[in-house]
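Chemist: Starting off with a structure, shown below.
The values are calculated or read from the model by the stated rules, or taken from the named source; none is laboratory data. None of these values were measured; they are calculated from a predicted model. Neighbour counts are summed over all protein chains in view; Cβ atoms, including those assigned to glycine, are modelled from backbone coordinates with ideal geometry.
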Amino acid sequence: MRIGLVGEAPNDTQSIKNLMEKNYNSGFEFFFMLDRINGSKLDSQKTKRFLRIEYEIKEPDLIIFIRDLDSVLPSELKLNGRKLYFTNSNRVVDKKGIYLLHIYEIEALILSDIEVFNKIYNSKLSLVKNPMLIEEPKEYLRAKERKYNESHNPDIFKKVRFEKAVECEYFNQFISKFNTIVELHNQ
């Protein structure tokens, strides 16, 4: 199964690729799409044209749209904006998309496996019960460990345990939907 990854930043897409390949290695190919278009530029009409062209050339079976909510729940305004982005982008790719919406940011998944972070940085951060409740998890990690930088995320995600990441509610919901799509694809 060929799976395209579209995200706000190269560090995010590489991080998700590293995490997903732990559980989905045999029979799966993850690759990057729109890798030179970052952040809010993903919302533009021009980007939708680029997405369609790349979709037609690369012919993915599925596209994972990776975005940050940049808010904790509930945040109807932000959530509706991200849903609109997904709906519009999904139309461009013949509805072969699924969205992975990080609550608050991708760093919430690092918080779900804080032991890995502690080993890497030789720090002593406490376990976070619900990473989705931490506002600005990137800044939270930086405040606790000055050596941390989001450019380290791809390497951190090589070590984050998939089973720990799935304990984070939003990622668990995403994986459940992803597995359903995979099952339908394999029928």
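Chemist: I'd like the full set of residues that are of a type outside the set (S, T, N, Q) and either without any contact (Cβ under 8 Å) to a residue 24 or more places away in the chain or assigned to a loop (DSSP other than H, G, I, E, B) (or both), limited to region 55-74.
Modeler: Of everything in region 55-74, those that are of a type outside the set (S, T, N, Q) and either without any contact (Cβ under 8 Å) to a residue 24 or more places away in the chain or assigned to a loop (DSSP other than H, G, I, E, B) (or both) turn out to be E56, I57, E59, P60, D61, L69, D70, V72, L73, P74.
Chemist: Could I ask something else about it? Checking the conditions here, which among I134, I98 is under 18 Å from the mean Cα position of the chain (by Cα), farther than 23 Å from R2 by Cβ and in contact (Cβ under 8 Å) with a residue 24 or more places away in the chain?
Modeler: I134
Chemist: Determine if region 64-87 includes at least one residue that is over 27 Å from P137 (Cβ atoms), surrounded by 13 or more Cβ atoms within 10 Å (Cβ to Cβ) and not small (G, A, S).
Modeler: No: zero hits.
Chemist: Report yes if F171 is farther than 14 Å from L109 by Cα, buried (at least 18 other Cβ atoms within 10 Å of the Cβ) and at pLDDT 95 or above, otherwise no.
Modeler: Here the answer is no, as F171 does not meet what is asked.
Chemist: Would you pick out the residues in region 93-105 that are aliphatic (A, V, I, L, M), surrounded by fewer than 21 Cβ atoms within 10 Å (Cβ to Cβ) and modelled with pLDDT of 95 or more?
Modeler: Listed by number, the list holds a single entry, I98.
Chemist: For region 115-146, how many residues meet the condition of being farther than 23 Å from E8 by Cα and part of a loop (DSSP other than H, G, I, E, B)?
Modeler: Qualifying residue count, region 115-146: 11.
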